[in-house]
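*Asks:* Let me begin by handing over the structure; questions about it come next.
The values are calculated or read from the model by the stated rules, or taken from the named source; none is laboratory data. A quick note: this is a predicted structure, and the numbers were derived from the prediction, not measured. Here the Cβ positions follow ideal geometry from the backbone for every residue, glycine too, while neighbour counts run over all protein chains shown. What goes into the accessible areas is simple: the full protein's heavy atoms, side chains included, and nothing from ligands, DNA or RNA. Shrake-Rupley method; radii C 1.70, N 1.55, O 1.52, S 1.80 Å.
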Amino acid sequence: MKIHHEGTNILVMLFIVLAALNVPVWLFLPPWILPTILSALSLLVYSFVFNFFRCPKRVYHGPTENLVVSSVDGKVVALERVYEPEFLKSDAILLSVFMSPLNVHANWFPTSGVVEYVAHHAGRFLSAYLPKSSTENERSTIGLRCDNGQLITVRQIAGAMARRIVTYARVGEVAHIDEHLGFIKFGSRVDIYLPLDCEILVSMGQVTRGGLTPIAHLKPKA
């Protein structure tokens, strides 16, 4: 299991801090009960953070023409018709996937195409599960022109725990369905705005896997 490079420095610093706490306790605080409890708690904390930054290599093996896959691991928490004012500037189908702190937090491009728009917005840190987090929380918006000509919007949204959104996508970049578009540190959410005439392949409450779970089938642009 590969560790995402966004977590390398955090894991090194956390190891140093935990070691600095545990070594003196074992040396100067007998009996062994208290040191053992502290070490067990330290191992639990480190394992949680280590698990959070895991980054599996994923390749979608099926046909990708007109296909949109989930950008992230998580659960579908919204599926509705809304107006997307930032990139599409039209009505769209909003499909939101919520990531818990236990999910992989790497973000994949949901389809292949060209990046036409990237913007970061400062904001609040409400629970990413709330609908208003889509417009009020810190977020990054990526606009994609898919290979078939259709436009979609991907929005990375910070949550109550997430304090940093990392976006790798750049305007003019050729996006591929197996590549990362970014990373969100700790609990968060990703919204995907899809054309109204697409075929939705998931339902509310369904669990998705980033880069692997098909979520929609697009119609080629006339």
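*Asks:* Restricting attention to strands (runs of 3 or more DSSP E) lying wholly within the range 49-105, give those where 2 or more residues are surrounded by fewer than 21 Cβ atoms within 10 Å (Cβ to Cβ).
*Replies:* Numbers: elements: 67-69, 74-84, 90-99.
Result: 74-84, 90-99.
*Asks:* Return the only residue of 104, 72 being closer than 21 Å to residue 181 by Cα, at pLDDT 90 or above and among the β-branched types (Val, Ile, Thr).
*Replies:* Values: 104 fails: at pLDDT 90 or above.
Going through 104, 72 in turn, the sole match is 72.
*Asks:* Here's something else I'd like to know. Suppose we keep only residues that are outside any loop (DSSP other than H, G, I, E, B) and closer than 14 Å to residue 79 by Cβ within the range 174-206. Which one would you say is most open to solvent (accessible area, probe 1.4 Å)?
*Replies:* Going through the range 174-206, the residues outside any loop (DSSP other than H, G, I, E, B) turn out to be 174-175, 180-184, 188-194, 199-200.
Keeping just the survivors that are closer than 14 Å to residue 79 by Cβ gives 189-194, 199-200.
Working: 189: 6, 190: 4, 191: 0, 192: 5, 193: 12, 194: 0, 199: 104, 200: 51 Å².
So the residue we want is 199.
*Asks:* Given the structure, is residue 116 among the charged types (D, E, K, R) and at pLDDT 80 or above?
*Replies:* yes
*Asks:* Within the bounds of the range 23-40, is there any residue that is aliphatic (A, V, I, L, M), in contact with an Asp or Glu (Cβ under 6 Å, 6 or more places away or on another chain) and exposed (fewer than 14 other Cβ atoms within 10 Å of the Cβ)? Show your work before the answer.
*Replies:* Let us first name the residues in the range 23-40 that are aliphatic (A, V, I, L, M), namely 23, 25, 27, 29, 33-34, 37-38, 40.
Filter again for in contact with an Asp or Glu (Cβ under 6 Å, 6 or more places away or on another chain), leaving none.
Within the range 23-40, none of the residues are aliphatic (A, V, I, L, M), in contact with an Asp or Glu (Cβ under 6 Å, 6 or more places away or on another chain) and exposed (fewer than 14 other Cβ atoms within 10 Å of the Cβ).
*Asks:* Those residues that are at pLDDT 65 or above and either within 20 Å of residue 216 (Cβ to Cβ) or open to solvent by 70 Å² or more (accessible area, probe 1.4 Å) (or both), I need them from the range 119-147; list them, please.
*Replies:* Hits for the range 119-147 are 120, 122, 141, 142, 143, 144, 145, 146, 147.
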